[in-house]
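Here is the structure we will look at, set down as structure tokens.
Just so you know, all these numbers are worked out from the coordinates, no wet-lab data involved. Everything quoted here is computed from the prediction, not taken from an experiment. Using ideal geometry, Cβ is built from the backbone for each residue, glycine included, and neighbour counts are taken over all protein chains shown.
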Amino acid sequence: MLEKVKSFISEVENATAKTEEEVESFRLKFVGRNNVINDLFEEFKQVPAEQKRELGPALNNLKNLAQNKLKELSSTVSAGKSSSSDIDVTLPGAYGVEGSIHPISQTKSRIIEIFERQGFNVEDGPEIDNDWNNFTALNFPENHPAREMQDTYFIEKNPDILLRTHTSNVQIRLMGRKKPPIRSIMPGRVYRNEAISARAHCFFHQVEGLVVGENISFRDLKNTLYHFSKEMFGKNTKIRLRPSYFPFTEPSAEIDISCFICGGSGCKICKQTGWVEIAGSGMVDPNVLENCGIDSTKYSGFAFGMGIERITMLKYQIDDLRLFSENDVRFLKQF
């Protein structure tokens, strides 16, 4: 019987398999329910005691060898099958999908780049501020509609703490701590208590600019925005200024550019007028300068503000403001 066990051990050690059928044949013979090793253990019960000391370890060794060999053959056949039939090495490799910069961030970076080349530096400030920096110092009268809860988000109904409605609060803080000359832009997120629609949202992004110094004129304002418009929308862009009103500037003007889609002939973007509005602007009101401790008899300045979403919608012909904040991959992957 010992010779039979040694013969099976040799057979197991030398066993090979190239197909699943050969692996299954090995399993049935050496590991299956009715395998030859089980038969040997039955015979082992009838062996004289003096032979069991040598035969027992040999049987256990055969059993372990058969189980390990089955694992080896199974993995070898599986690996061979995978490499030969499941994988097509001629196919191109699979690469992860790369992300992209959000269109609002792209436009913001482009605006900052244009103004930095004109000598502006970037300033930032808090999104939660007080009434003085957001309204009073900017010459808003006490009964102005913007001070009402229907237009502004106040913190816990505190009439003095609010979510800023424009980045002009950064201008006030800047003029309060820095002496002229000042030449800065203030990009950031602002909040208005408005119903969300294709043309309005409760939060959006602005870039405001401020220049304060000696002998600053309206001509400087016009030339600054003229250069920006050509850089942002193309060298053939024209601008026009329409009289307007803002509490913090006097005189004030709305800035329009010639429609870069139709060239001024009229289209749905410009509503057949040939012009599209991009910003509000004006000379800083002397009261605002005095509120910030700047001598209005010595210094003058201009300010302007534009919505980043507005510029982005014009540049990429987007017709729904909500797309910027809904995280729809179908929209975002276009950028």
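List of remarks:
- For the range 103-332, size of Cβ-based charge dipole, Lys and Arg +1, Asp and Glu -1, in debye: 920 debye
- E54 sits among other residues whose Cβ lies under 13 Å from its own Cβ, and their net charge, with Lys and Arg +1 and Asp and Glu -1, is +1.
- Computed over the range 274-335, the percent of Cα pairs more than 20 Å apart is 51.
- Chain lengthening between S197 and S100 when straightened (0.36 nm per residue, less Cα-Cα): 32.4 nm
- Computed on the range 2-86, with alpha-carbon pairs under 8 angstrom and 6+ residues apart, the relative contact order is 45 percent.
- Summing charges over all other residues whose Cβ lies under 15 Å from the Cβ of E42, with Lys and Arg as +1 and Asp and Glu as -1, gives +3.
- Selection among N35, A17, V77 by position relative to the dipole of the range 2-86 gives N35 as farthest towards the positive end (Cβ unit charges, Cα centre).
- In the chain, the alpha-carbon atoms span a convex hull of 291 Å³ per residue.
- Cβ-derived FRET efficiency at R0 35 Å, K230 paired with Q272, nearest 0.05: 0.90
- Across the chain, the relative contact order, built from alpha-carbon pairs under 8 Å that are at least six residues apart, equals 15 percent.
- Added length on full extension, which subtracts the Cα-Cα distance from 0.36 nm per residue, S265 to D39: 71.6 nm
- The calculated FRET efficiency for F335 paired with K4, based on their beta-carbon distance and R0 = 56 Å, is about 0.15.
- Each Cα pair under 8 Å and six or more residues apart adds its separation to the average, and for the range 194-335 the resulting relative contact order is 30 percent.
- Ellipsoid semi-axes for the range 2-86, based on the Cα gyration tensor and the rule √(5λ), read 31, 11, 9 Å when sorted largest first.
- A simple spin-label model places pseudo-atoms 7 Å from Cα toward Cβ; at R117 and E326 they are separated by 3.5 nm.
- Near R189, once Lys and Arg are set to +1 and Asp and Glu to -1 for all other residues with Cβ below 12 Å from its Cβ, the sum equals 0.
- Separation in nanometres of the label points that stand 7 Å from Cα toward Cβ, at W132 and E54: 10.5 nm
- As a rough guide to protection, the peptides 209-220, 266-277, 31-42, 300-311 ranked by mean Cβ packing within 10 Å, highest first, stand as 300-311, 209-220, 266-277, 31-42.
- Here's the list of aspartates and glutamates a cross-link from K108 could span, going by alpha-carbon distance under 15 Å and ignoring same-chain residues fewer than 8 apart: E116, E123, D124, E208, E231, E309.
- Helix-derived mean residue ellipticity, 222 nm - over the chain, DSSP H n ≥ 4, -39500 (n - 2.57), to 500: -12000 deg cm²/dmol
- What the Cα atoms of the range 113-230 give is an Rg and a Dmax of 15.6, 44 Å.
- Unmatched cysteines, the chain - criterion: no other Cβ of a Cys under 4.7 angstrom: C202, C292
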